[in-house]
Amino acid sequence: GIIVNVLFVIFFLLCLVGLFMSITAKQNSDGAMELFGYEMRLVVSPSMEKCDETDVSGYEIKDIPVNSLVFIETVPEDEEESRDWYAALKVGDVLTFRYVYTTQETITHRIVEIEANENGGYTIVLEGDNKNSETGALQQVIDTSQTDSPNYVIGKVTGKSVALGYLITAVQSPWGLIFIVIIPC
């Protein structure tokens, strides 16, 4: 009985957090949620899932499974703050960015190389951790000095929540909405 009560309280608290986030978060023009100065996005690709061929043991963000909710510190709009923000990036940081293959996509990958440009800005090479994934083996290169480029950095991933991601994914499905919201109410 105690275990069931504890699980119910944890589930209830997760639902309250999800409800609070849904009510207070606003969506930007790209469809991402913004809350407390952070952008939140659901991961839909396995390109950052754990892989034996990639050593991520020395990094803060190690594994981002599909349906995880990632918290993104966005690039500052002020030019001087933006320059300092990019200067603080290092190999191993995980960035969310917009990149064009045949269409423009939002991607979350790890920095594998970063180099300061002579004309200002940085050239950042990014790659997914999951080398077994078809999408993980590709590299993306972003030049931050090209301000009119369709390839640009949205921000740095500072955290993730698998539980909140699954909760949001479940609530977005018709069956999840029925079992998580309608029936308990």
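The values are calculated or read from the model by the stated rules, or taken from the named source; none is laboratory data. Model, not experiment: these values are computed from the prediction. Here the Cβ is made from the backbone with ideal geometry for all residues, glycine too, and neighbour counts use every protein chain on show. For accessibility, only protein heavy atoms count, side chains too; no ligands or nucleic acids. Shrake-Rupley method; radii C 1.70, N 1.55, O 1.52, S 1.80 Å.
Could you do me a favour and compute the accessible area per residue for the stretch 61-185, 1.4 Å probe, result in Å²?
Solvent-accessible surface per residue comes out at 54 Å².
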FRET E, pair D78, V141, Förster distance 22 Å, beta-carbon r, rounded to 0.05: 0.30
Calculated FRET efficiency for the pair L7/A88, C-beta based, R₀ 45 Å, to 0.05: 0.65
Sorted peptide list for 153-165, 112-124, criterion being average Cβ within 10 angstrom, highest first: 153-165, 112-124
Distance histogram for the chain (every C-alpha pair counted, 5 angstrom bins, percent rounded to whole numbers): 1, 7, 14, 19, 17, 14, 11, 7, 4, 2, 1, 0, 0, 0
Order by protection proxy (mean Cβ within 10 Å, highest first), peptides 57-64, 44-51: 44-51, 57-64
Span-rule helices in the chain, defined as complete DSSP H runs reaching 24 Å or more along the axis (Cα) with Kyte mean at least -1.0: 2-24
Accessible surface of the chain, 1.4 Å probe, proportion on carbon and sulfur as whole %: 58 percent
Interchain or long-range residues, amide H under 5 Å from D93's placed H: I111
